[in-house]
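Engineer: Below is one structure. I have some questions about it.
The values are calculated or read from the model by the stated rules, or taken from the named source; none is laboratory data. Keep in mind that what you see is a predicted model, and the values were worked out from it rather than measured. Cβ coordinates were reconstructed from backbone atoms using ideal geometry, including for glycine residues, and neighbour counts include every protein chain displayed. Just so you know, the surface numbers come from the protein's heavy atoms only, side chains and all, with ligands and any DNA or RNA stripped out. Shrake-Rupley method; radii C 1.70, N 1.55, O 1.52, S 1.80 Å.
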Amino acid sequence: MFGSLTRGCAALVIAAVMALPAAAATQLTGAGSSFDYPFFSKAFYVYSQKNPDVTVNYQSIGSGGGIAQFTAKNVDFGATDVPMNAQELQRAGQPVLQIPVALGGAAIAYNLPGVSATIKLTRQTLADIYLGKITKWNDPQIARANHGVKLPDTAIVVVHRSDGSGTSYIFTDFLSHVSGEWKSRVGVGKSVSWPAPSAVGAKGNEGVAGQIRSTPGAIGYVELAYVVENHMPAVTLQNSAGKWVACSEATVAAAAADKPHVSPTDFSIVDAPGANSYPVAGFSWVVVYKKPADSGRARMLYDVLSWLVSSAGQENAKSLDYVPLPRSIQASALSTLKQMQH
Amino acid sequence: MDEPAFRRIARFVSPVDRGFAAVVYGGSALFAVLIVGLFIELVLGSWPSLRAFGPSFIWKSAWDPVASKFGALPMIYGTVVTSFIAILLASFVGIMAAVFLADFAPRWIAAPLSFLIELLAAVPSVVYGLWGLFVLAPLVRTTIGPVLQHLLGWTPLFAGPIYGVGLLTAGIILALMIVPTVTAISRDVIAAIPRDLREASMALGSTKWETATRVVLPAARVGIFGACVLGLGRALGETIAVTMVIGNRPEISASLFAPSYTLASVIANEFTEATSAVYISALIELGLILFVVSIVVNAVARLMIWSVRGSRA
């Protein structure tokens with residue numbers, strides 16, 4: 001009887017001792033965008049190596065779920081590919097700060113056997129392809145931009161994301177900027193009704209990339225990292241300054257730098273005016289309450305996020321083929337974050 | 001001396017019995033509670049959509065989240081057609097394999113083969129999906145599709161451009177996924193047919209083939225039918241593998257080569273990023289429709305089993 005009691009006590013003490021280091025670290029929680037997930041998991045890991053008293057648990061459940069969890073106050077912060085709109089902010093019930101944390105670009109990958117030159121497309125041509133008005137690779141509109149390239153008579157297969165995604169939002173935002181017809185017929189969204197008769201939907205970046213690779217004549221938009229890592233050919237787009245630009249870290253960063261004061265109500269950086277700016281780019285956002293209930297956690301959250309948007313945090317984005325935020329955006333993100341009360 | 005001992009044993013056993021009965025009844029009741037609860041939850045969740053679109057949700061075919069216009073018809077069509085292709089292929093192959101395993105194969109082949117077939121059932125669906133996307137879809141585009149089009153292109157079913165992904169590819173993937181279920185259960189059902197029947201048939205001079213097709217299969221048909229219904233249930237609800245090979249286009253096309261969409265795929269694709277209340281609710285209503293479709297299919301199958309039994313009696 002006494003023996004078992006002693007054993008029980010000993011077990012309790014051991015459990016308590018083992019639990020001590022874990023209890024010392026505070027766990028902050030976040031949820032939302034899957035676009036941010038690889039970046040966040042790396043960055044937060046690096047952060048807690050340096051600051052053992054804080055760990056950040058991020059759940060990649062999608063932007064919609066992230067906003068819902070944030071509004072329900074189940075998490076310390078949410079992450080979303082499109083800032084919360086007026087209605088969502090109202091539902092949150094108290095002032096919310098929205099901070100750009102990551103920058104991404106959508107490359108237009110394609111599969112055209114027998115053509116080794118990089119295909120060039122004007123913005124209007126790309127819109128017409130996605131509207132289903134251009135259906136063959138040797139269409140005069142495409143030929144005009146590609147002098148000297150022998151274009152085959154292959155049918156174009158338009159590939160898009162079938163899952164709701166921030167990348168689709170950025171891409172449809174771009175098409176709406178360059179084509180009035182797209183804007184009125186289709187519009188902007190994470191999921192839209194794709195008008196091209198040859199449109200095929202694939203799940204995730206990996207699905208779109210796979211679909212393009214296995215379908216001759218296919219064209220589709222994928223995050224920059226996928227094109228870089230899979231060595232897929234991607235089109236050179238003409239930007240609004242009339243220059244031909246490929247999707248790269250430099251050209252996406254240039255697009256972001258064109259607009260140093262990005263805000264949650266004016267956040268679109270597609271079709272940027274700079275000569276070196278790639279036209280299909282956008283931010284991902286973190287949302288926090290201006291005045292979180294627990295001031296101790298608020299302080300930690302502020303520290304984590306201000307590190308995340310600094311050059312030290314953004315370095316982790318670079319190593320994963322995200323585009324680091326340009327300095328001007330880092331500064332504006334930090335000044336928004338400073339409004340947090342802790 | 002004996003009697004009290006019996007009584008003691010009876011008294012000692014009865015609480016265990018009672019406990020066992022409670023567990024059994026409780027377990028069965030849990031199913032009923034789950035199904036009813038699921039239905040209520042789906043109806044509540046889809047209420048905003050039910051109110052906004054009414055019954056027209058079922059026969060409208062626009063799916064435009066930007067304009068908040070939703071209709072489920074293309075997805076209902078895609079779900080039913082892919083499952084139908086799947087059960088058509090899987091039941092044929094599965095029943096043949098089951099006959100072979102139960103009646104024809106020598107033991108040293110039947111045992112490892114049965115094991116392999118059951119192993120197929122344990123392959124995760126995302127693996128089927130990836131295989132479908134990278135192997136089957138290109139195969140359909142370059143070989144299977146053109147051959148079918150050459151032979152049967154005059155019917156609308158096999159006309160039009162071949163993308164690789166589409167109704168046919170999704171149907172084939174689903175067939176692969178449900179064939180282990182159909183085979184394993186059919187084999188057990190066939191194996192359970194009394195030896196006497198086979199021996200009687202052989203004694204009358206039938207060949208092995210005649211015995212299998214005219215005696216054993218008819219005797220096992222109710223059980224085999226049940227196996228197919230189980231397979232069909234899986235096909236209707238299968239999500240990830242189908243999403244990867246169906247092309248995800250909410251459109252109704254007569255051609256089996258055309259991209260399509262299923263109820264489960266839309267939910268998997270769009271639920272995480274759906275933000276407006278009506279949009280989420282429309283997705284939940286798709287779940288409700290899938291639930292109802294499954295019930296209807298199962299009910300029809302049950303009726304067919306009853307009618308088969310009735311005609312035999």
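Engineer: Within segment A:49-71, track down each residue that is surrounded by fewer than 22 Cβ atoms within 10 Å (Cβ to Cβ) and within 14 Å of chain B (Cβ to nearest Cβ).
Structural biologist: Result: A:59, A:60, A:61, A:68, A:69, A:71.
Engineer: Filter segment B:252-268 down to the residues that are under 28 Å from residue B:148 (Cβ atoms) and within 21 Å of the chain's Cα centre (by Cα) and list them by number.
Structural biologist: Answer for segment B:252-268, where residues must be under 28 Å from residue B:148 (Cβ atoms) and within 21 Å of the chain's Cα centre (by Cα): B:256, B:259, B:260, B:261, B:262, B:263, B:264, B:265, B:266.
Engineer: Here's something else I'd like to know. Would you mind telling me which numbered condition in (1) within 14 Å of chain B (Cβ to nearest Cβ); (2) of a type in the set (Val, Ile, Thr); (3) more than 25 Å from residue A:314 (Cβ to Cβ); (4) buried (at least 20 other Cβ atoms within 10 Å of the Cβ) residue A:129 fails?
Structural biologist: (1)
Engineer: Filter segment B:94-108 down to the residues that are in contact (Cβ under 8 Å) with a residue 12 or more places away in the chain and either of a type outside the set (A, V, I, L, M) or exposed (fewer than 15 other Cβ atoms within 10 Å of the Cβ) (or both) and list them by number.
Structural biologist: B:94, B:103, B:104
Engineer: Check residue B:111 against each of (1) small (Gly, Ala, Ser); (2) surrounded by fewer than 18 Cβ atoms within 10 Å (Cβ to Cβ); (3) away from chain A (no Cβ under 14 Å); (4) in contact (Cβ under 8 Å) with a residue 12 or more places away in the chain and name the one condition it does not meet.
Structural biologist: Going through (1) small (Gly, Ala, Ser); (2) surrounded by fewer than 18 Cβ atoms within 10 Å (Cβ to Cβ); (3) away from chain A (no Cβ under 14 Å); (4) in contact (Cβ under 8 Å) with a residue 12 or more places away in the chain one by one, residue B:111 breaks only (4).
Engineer: Can you tell me which residue among B:234, B:249 is open to solvent by 40 Å² or more (accessible area, probe 1.4 Å) and within 30 Å of residue B:59 (Cβ to Cβ)?
Structural biologist: B:234
Engineer: Can you tell me which of A:31, A:43, A:92 is closer than 16 Å to residue A:309 by Cα, open to solvent by less than 10 Å² (accessible area, probe 1.4 Å) and touching a helix residue (DSSP H, G or I) at 6+ places or on another chain (Cβ under 9 Å)?
Structural biologist: That would be A:43, the only listed residue that is closer than 16 Å to residue A:309 by Cα, open to solvent by less than 10 Å² (accessible area, probe 1.4 Å) and touching a helix residue (DSSP H, G or I) at 6+ places or on another chain (Cβ under 9 Å).
Engineer: Would you confirm, using the coordinates I've provided, whether residue A:192 is within 21 Å of residue B:243 (Cβ to Cβ), without any contact (Cβ under 8 Å) to a residue 60 or more places away in the chain and among the hydrophobic types (A, V, I, L, M, F, W, C)?
Structural biologist: Yes: the conditions hold for residue A:192.
Engineer: A follow-up question, please. Please count how many residues of segment A:306-332 are in contact with a strand residue (DSSP E or B) (Cβ under 9 Å, 6 or more places away or on another chain), in a helix (DSSP H, G or I) and closer than 13 Å to residue A:39 by Cα.
Structural biologist: Qualifying residue count, segment A:306-332: 4.
Engineer: Let me ask something additional. Output the number of the condition that residue B:219 fails; it satisfies all remaining conditions of (1) buried (at least 22 other Cβ atoms within 10 Å of the Cβ); (2) in a helix (DSSP H, G or I); (3) among the aliphatic types (A, V, I, L, M).
Structural biologist: It fails just one condition, (1).
Engineer: Could you tell me which residue of segment B:271-284 is farthest from the other protein chains (Cβ to nearest Cβ), considering only residues that are open to solvent by 10 Å² or more (accessible area, probe 1.4 Å) and farther than 20 Å from residue A:89 by Cα?
Structural biologist: The residue in question is B:284.
Engineer: Applying the selection to segment B:48-76, what residues are β-branched (Val, Ile, Thr) and either surrounded by 18 or more Cβ atoms within 10 Å (Cβ to Cβ) or assigned to a loop (DSSP other than H, G, I, E, B) (or both)?
Structural biologist: Passing the criteria: B:66, B:76.
Engineer: Can you name every residue in segment B:196-215 that is in a helix (DSSP H, G or I) and polar (S, T, N, Q)?
Structural biologist: Scanning segment B:196-215 gives B:201, B:211, B:213.
Engineer: Somewhere in segment A:231-243, is a residue under 23 Å from residue B:244 (Cβ atoms), free of Cβ contacts under 8 Å to residues at least 40 places away in the same chain and within 14 Å of chain B (Cβ to nearest Cβ)?
Structural biologist: no
Engineer: Of all residues in segment B:259-269, which are at the interface with chain A (Cβ under 10 Å from one of its Cβ atoms) and open to solvent by 10 Å² or more (accessible area, probe 1.4 Å)?
Structural biologist: B:268
Engineer: Going through segment A:242-257 one residue at a time, which ones are farther than 14 Å from residue A:224 by Cα and surrounded by fewer than 23 Cβ atoms within 10 Å (Cβ to Cβ)?
Structural biologist: A:242, A:243, A:244, A:254, A:257, listed by residue number.
Engineer: So, one more: Report yes if residue A:34 is out of contact with any Phe, Trp or Tyr (no Cβ under 8 Å at 6 or more places or on another chain), of a type in the set (S, T, N, Q) and within 13 Å of chain B (Cβ to nearest Cβ), otherwise no.
Structural biologist: It is true that residue A:34 is out of contact with any Phe, Trp or Tyr (no Cβ under 8 Å at 6 or more places or on another chain), of a type in the set (S, T, N, Q) and within 13 Å of chain B (Cβ to nearest Cβ).
Engineer: Of all residues being open to solvent by 50 Å² or more (accessible area, probe 1.4 Å) and in a helix (DSSP H, G or I) in segment B:158-195, which is farthest from residue B:259 (Cα to Cα)? Just the residue, please.
Structural biologist: Filtering first and then ranking leaves B:195.
Engineer: Can you tell me which residues in segment A:198-234 are touching a Ser or Thr at 6+ places or on another chain (Cβ under 6 Å) and among the aromatic types (Phe, Trp, Tyr)?
Structural biologist: Across segment A:198-234, there are no qualifying residues.
Engineer: Which of the residues spanning segment A:197-230 are away from chain B (no Cβ under 14 Å), within 24 Å of residue B:161 (Cβ to Cβ) and of a type outside the set (A, V, I, L, M)?
Structural biologist: A:221
Engineer: Further, regarding this structure: Any residue at all in segment A:284-294 that's more than 25 Å from residue A:65 (Cβ to Cβ), open to solvent by 30 Å² or more (accessible area, probe 1.4 Å), in contact (Cβ under 8 Å) with a residue 24 or more places away in the chain and more than 17 Å from the chain's Cα centre (by Cα)?
Structural biologist: No: zero hits.
Engineer: Using the structure shown, decide if residue B:251 is touching an Asp or Glu at 6+ places or on another chain (Cβ under 9 Å) and over 24 Å from residue B:295 (Cα atoms).
Structural biologist: No.
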